[in-house]
1. Which residue, of 38, 13, 33, is surrounded by 11 or more Cβ atoms within 10 Å (Cβ to Cβ) and more than 32 Å from the chain's Cα centre (by Cα)?
2. Suppose we keep only residues that are touching a helix residue (DSSP H, G or I) at 6+ places or on another chain (Cβ under 9 Å) and assigned to a helix (DSSP H, G or I) within segment 219-231. Which one would you say is modelled with the highest pLDDT?
3. Scan segment 220-247 and report the pairs whose first residue is surrounded by 12 or more Cβ atoms within 10 Å (Cβ to Cβ) and whose second residue is in a loop (DSSP other than H, G, I, E, B), with Cβ atoms within less than 6 Å and a gap of 6+ or a chain change.
4. Six or more apart or on different chains, Cβ atoms under 6 Å: show the pairs whose first residue is in segment 74-99 and closer than 21 Å to residue 178 by Cβ and whose second is modelled with pLDDT under 95 and assigned to a loop (DSSP other than H, G, I, E, B).
5. Go through 216, 126 for me and flag whichever is assigned by TED's automatic domain parsing to the domain that holds residue 239 and either surrounded by fewer than 13 Cβ atoms within 10 Å (Cβ to Cβ) or touching a helix residue (DSSP H, G or I) at 6+ places or on another chain (Cβ under 7 Å) (or both).
6. Are there any pairs, at least 6 apart or on different chains, whose C-beta atoms fall under 8 Å, with the first in segment 156-172 and in the same structural domain as residue 110 (by TED's automatic domain parsing) and free of Cβ contacts under 8 Å to residues at least 12 places away in the same chain and the second part of a loop (DSSP other than H, G, I, E, B) and surrounded by 12 or more Cβ atoms within 10 Å (Cβ to Cβ), and if so, which?
7. Return the residue satisfying two criteria in turn: it lies in segment 173-185 and is assigned to a helix (DSSP H, G or I) and either in contact (Cβ under 8 Å) with a residue 12 or more places away in the chain or not assigned by TED's automatic domain parsing to the domain that holds residue 99 (or both), and of such residues it is nearest to residue 86 (Cα to Cα).
8. For the structure I just gave you, tell me whether residue 152 is assigned by TED's automatic domain parsing to the domain that holds residue 83, in a helix (DSSP H, G or I), closer than 23 Å to residue 212 by Cβ and over 19 Å from the mean Cα position of the chain (by Cα).
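The values are calculated or read from the model by the stated rules, or taken from the named source; none is laboratory data. None of the values given here were measured: they were computed from a predicted structure. When we count neighbours, we look across all protein chains shown, and the Cβ atoms used for this are built from the backbone with ideal geometry, even at glycine.
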């Protein structure tokens, strides 16, 4: 504004300033314009002449990185490698194998799994209670019988190693303290390197959160293969995963090549039969 000897903020000036780094990506322009928009909104209270740049002047929709979709064999290898973590026969390996297995079969966020306390894990009712998950949402997550069996075995092993009252948290370290999220991620990266798991063409590096992506896409694939109307089931999956917006669940429809191939096959069948 000083360079242009302007007395008031205008949309034209804001747009010119936001796009000053010409070689920059549109994401950078959009962020700079957002800063002006927020300030202009505040400044308008003291100077009604202030123009507030409208949203969408520099449209930008960030592209999500393609998740690494683990195969069933890779998950088996990860669980085996986790169970073999030193010290041999200690609680650490059992803890990591059970934790990774739970992420794979429930689609929980890692923070939700680590926050579980004993009272949240009802093995009699085969139900997890996720309290104050992302965006403060709570939900119930039903468990398969095989998962209940695995969690029960871990609970017995944990009690034998560290005692029943070591910590209220379900997953604990060998000292009986709650697991640290950074340590868990670091250990997981080490397991991935050990097994040679790495980013493929167009996909992100293997991450703990990608168990959640795999769970969602596998659920959609199974519904599609069984002839279910996938779109009718999306609200169910959205609730199960604890999404605040069903649009986040719709994204999984395009995130899995196998699911897209299944959709194309069903479309071709529809055209051939005219049904």
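1. Sole residue among the options that is surrounded by 11 or more Cβ atoms within 10 Å (Cβ to Cβ) and more than 32 Å from the chain's Cα centre (by Cα): 13.
2. Applying the first criterion (touching a helix residue (DSSP H, G or I) at 6+ places or on another chain (Cβ under 9 Å)) to segment 219-231 yields 219-221, 223-225, 227-231.
Checking which are assigned to a helix (DSSP H, G or I) leaves us with 219-221, 223-225, 230-231.
Working: 219: 89, 220: 85, 221: 84, 223: 84, 224: 79, 225: 80, 230: 76, 231: 76.
Among those that are touching a helix residue (DSSP H, G or I) at 6+ places or on another chain (Cβ under 9 Å) and assigned to a helix (DSSP H, G or I), it is 219.
3. 241/107; 242/133; 242/137
4. 90/174; 91/174; 92/174
5. On the way: 126 fails: assigned by TED's automatic domain parsing to the domain that holds residue 239.
216 is the lone residue from the list that is assigned by TED's automatic domain parsing to the domain that holds residue 239 and either surrounded by fewer than 13 Cβ atoms within 10 Å (Cβ to Cβ) or touching a helix residue (DSSP H, G or I) at 6+ places or on another chain (Cβ under 7 Å) (or both).
6. Cβ pairs passing all conditions: 166/176; 166/177; 167/176; 167/177.
7. Of the residues in segment 173-185, the ones assigned to a helix (DSSP H, G or I) are 181-185.
Filter once more, keeping what is either in contact (Cβ under 8 Å) with a residue 12 or more places away in the chain or not assigned by TED's automatic domain parsing to the domain that holds residue 99 (or both): 181, 184-185.
Numbers: 181: 19, 184: 14, 185: 17 Å.
Going through the qualifying residues, I end up with 184.
8. Numbers: assigned by TED's automatic domain parsing to the domain that holds residue 83: yes; in a helix (DSSP H, G or I): yes; closer than 23 Å to residue 212 by Cβ: no; over 19 Å from the mean Cα position of the chain (by Cα): yes.
Taking the combined requirement at face value, the residue does not satisfy it.
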